Amino acid sequence: MASFQRKGLQARILSTEEEEKLKRDQALVSAFKQQKLEKEAQKNWDLFYKRNSTNFFKDRHWTTREFEELRSCREYEGQKLTLLEAGCGVGNCLFPLLEEDLNLFAYACDFSPRAVDYVKQHPLYNAERCKVFQCDLTRDDLLDHVPPESVDAVTLIFVLSAVHPEKMRLVLLNVYKVLKPGRSVLFRDYGLNDHAMLRFKAGSKLGENFYVRQDGTRSYFFTDAEGYLGCFQFLAIMNNITNIMNKNFWKNHHP
């Protein structure tokens with residue numbers, strides 16, 4: 001029976017000082033500035049990669065350890081798998097996976113055209129094993145690049161948190177179209193009360209659990225409660241812990 005799975009969930013307890021800080025920092029960024037940030041979201045991420053090149057994030061060699069589903073979805077040894085990495089950045093997750101699993105083909109996309117260029121320039125990039133493209137997951141149709149129901153797994157690693165909460169459901173509806181029935185979307189992201197959330201200064205709050213960094217990029221911090229993204233029941237991510245959503249569950253709860 002299809003279901004959500006939650007792995008190792010452990011809530012972080014705030015200190016008294018941290019609780020007081022969050023209570024003080026309630027003022028929201030103006031509606032005008034919030035609209036500007038939404039309009040310029042792609043530009044801000046492109047500038048982020050212009051400043052940091054490929055040096056900001058470390059390669060993620062933990063992916064297959066944390067996401068056992070990347071191995072267990074094989075029906076037999078040596079079976080070729082197809083992956084979609086939605087929000088691939090400069091390839092810090094993509095290339096370790098391709099290097100570790102020679103029977104993997106990956107589609108990869110990112111909001112930032114500059115990040116996509118960095119992926120194509122990577123010495124391990126091979127067009128026979130990977131197709132990378134620029135995509136706004138809230139607006140562009142993945143079916144323009146990926147055949148319907150052709151992907152064995154989708155990864156969303158520190159991606160949904162960068163999307164406006166009102167548009168998260170659009171991302172999930174988009175990736176749903178390319179996922180094979182019964183397969184999984186793999187999430188890892190920021191949780192409520194994460195240390196990164198506590199580092200925001202006063203005047204950075206956009207909404208409930210939603211903040212803007214000094215460079216204009218944004219981050220949402222998920223709770224550990226079940227909620228809704230307007231299309232199906234969604235189990236949020238807490239404190240960088242892995243969660244898995246099965247396509248059959250999604251389909252059964254889709255209105």
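The values are calculated or read from the model by the stated rules, or taken from the named source; none is laboratory data. Owing to the predicted nature of the structure, the values given are computational and were not obtained by experimental measurement. Here the Cβ positions follow ideal geometry from the backbone for every residue, glycine too, while neighbour counts run over all protein chains shown. Accessible surface is based on the protein model in full, side chains and every heavy atom, while ligands, DNA and RNA are left aside. Shrake-Rupley method; radii C 1.70, N 1.55, O 1.52, S 1.80 Å.
How many residues does segment 81-116 contain that are part of a helix (DSSP H, G or I), touching a helix residue (DSSP H, G or I) at 6+ places or on another chain (Cβ under 9 Å) and within 30 Å of Lys39 (Cα to Cα)?
So the first thing to find is which residues in segment 81-116 are part of a helix (DSSP H, G or I), and the list is 94-100, 113-116.
If we keep only those that are touching a helix residue (DSSP H, G or I) at 6+ places or on another chain (Cβ under 9 Å) too, we end up with 94-97, 100, 113-115.
So of that shortlist, the ones also within 30 Å of Lys39 (Cα to Cα) come out as 94, 113-115.
So the answer is 4.
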So the check is Cβ under 9 Å with 6+ separation or different chains; which pairs have a first residue in segment 20-37 that's closer than 11 Å to Gly207 by Cα and a second one that's part of a helix (DSSP H, G or I)? Leu28/Gln34; Val29/Leu37
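Quick check, is Thr16 among the hydroxyl-bearing types (Ser, Thr, Tyr), modelled with pLDDT of 90 or more and under 20 Å from the mean Cα position of the chain (by Cα)?
Values: among the hydroxyl-bearing types (Ser, Thr, Tyr): yes; modelled with pLDDT of 90 or more: yes; under 20 Å from the mean Cα position of the chain (by Cα): no.
Against the criterion (among the hydroxyl-bearing types (Ser, Thr, Tyr), modelled with pLDDT of 90 or more and under 20 Å from the mean Cα position of the chain (by Cα)), Thr16 does not qualify.
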Taking only pairs six or more apart or across chains, which ones have beta-carbon atoms under 6 Å, a first residue in segment 164-191 that is buried (at least 17 other Cβ atoms within 10 Å of the Cβ), and a second residue that is among the basic types (Lys, Arg)? Leu179/Lys247; Arg183/Lys247
Scan segment 116-155 for residues that are open to solvent by less than 20 Å² (accessible area, probe 1.4 Å), within 21 Å of Asn103 (Cα to Cα) and among the aliphatic types (A, V, I, L, M) and jot them down. Val119, Val132, Val146, Val151, Ala153, Val154
Output for segment 9-49, where each listed residue is more than 29 Å from Ala115 (Cβ to Cβ), among the charged types (D, E, K, R) and open to solvent by less than 100 Å² (accessible area, probe 1.4 Å): Arg12, Glu18, Glu19, Glu20, Lys21, Asp25
